[in-house]
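Since the structure comes first, as structure tokens, the remarks are kept for the end.
The values are calculated or read from the model by the stated rules, or taken from the named source; none is laboratory data. All of these numbers come straight from a predicted model, not from anything done at the bench. Virtual Cβ from ideal backbone geometry, glycine too; neighbours counted across all protein chains shown. When the accessible area is computed, the model is the full protein with side chains, heavy atoms only, and any ligands, DNA or RNA have been set aside. Shrake-Rupley method; radii C 1.70, N 1.55, O 1.52, S 1.80 Å.
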Amino acid sequence: MDALVGMLAQTATSAADLKAANAAIGAGFAYGLAAIGPGIGIGYVAGKAIEAMARQPEAAGMVRTTMFLGIAFTEALALIGFVVFILLGL
Amino acid sequence: MTIASNLFAEKPTGPSPELSVSFDMVKRGFLSSPLLVLVCAAIWGGYGALSSAYAIVIVLANFAVSAGIIAGGSKISYVALLTGALFGYLIRLGLIFGAVFLVRDTTWVVLPALGLSIIVAHLGLLIWETKYISMSLAYPGLKPGHQVTRLRR
């Protein structure tokens, strides 16, 4: 009987550990995948902005303002992924 | 129309609009942050308010660092501006992670309040600023009403 209780307790601990491990893996994937998309997006925004400024330097101020806001909006996606990460498994 | 021929050597001319946009957002963040802190205090209590205030500081610092990196890069060359935009993203994500990682085990941190405040403050300030930028794209921070007044004089 004692052995059975011990085995059940060990199983319960393992299940909790497994759940925690799965949460940590899920959180890591959430943060990592959420950071990839904005990384690509920011690269695209910045690249196109540089192209626009090189073609038309007199419009650089307007382009840079739009670029800054575009980068910040894109970064919001990464922040949402980060928040999911901290809520799931930090 | 002039076209930049060497992106490694030439740099954008004129003032840095990122700094004024960022300054505007920080100013509006300080003005509106008590509302968000009060909401979090009503839901999660005093620790929720502290967490919310910490999240707002993180968001405002993120905007300021972002503008600083891009403006610094623009003083060097177009390529440095691009590099600053890309690596600045990585650096800022790391800084935000570190700032949250440092306080995650302290007693006063309520993670849901911290996380939601980060998202709400970031998006709220951006949308608020975009409203003014779209009104006067090349002159952030200036309301069209002010320009009209100047023109009439």
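Suppose the filter is in contact (Cβ under 8 Å) with a residue 60 or more places away in the chain, under 22 Å from A:Gly81 (Cβ atoms), away from chain A (no Cβ under 11 Å) and of a type in the set (A, V, I, L, M, F, W, C); does B:Ile118 pass it? So B:Ile118 does not fit the description; no.
Within the stretch B:53-77, residues that are under 17 Å from A:Ala60 (Cα atoms) and in contact (Cβ under 8 Å) with a residue 24 or more places away in the chain reach partners that are in a helix (DSSP H, G or I) and open to solvent by 10 Å² or more (accessible area, probe 1.4 Å) with beta carbons closer than 6 Å, at six or more positions or on different chains, in the pairs B:Ala67/B:Leu19; B:Ile70/B:Gly84; B:Ala71/B:Leu19.
Checked against the criteria, A:Arg64 does not count as within 23 Å of B:Ser74 (Cα to Cα), facing chain B (nearest Cβ under 7 Å), modelled with pLDDT of 85 or more and open to solvent by 30 Å² or more (accessible area, probe 1.4 Å). If you go through the stretch B:77-117 and keep only what is over 26 Å from B:Ser51 (Cβ atoms) and among the hydroxyl-bearing types (Ser, Thr, Tyr), you end up with B:Ser77, B:Tyr78, B:Thr83. Annotation note: of A:Ala72, A:Ala54, A:Ala49, the sole residue that is within 7 Å of another protein chain (Cβ to nearest Cβ), part of a helix (DSSP H, G or I) and at pLDDT 90 or above is A:Ala72. Can you tell me how many residues in the stretch B:2-56 are at pLDDT 85 or above, surrounded by 16 or more Cβ atoms within 10 Å (Cβ to Cβ) and more than 9 Å from every other protein chain (Cβ to nearest Cβ)? Count: 22.
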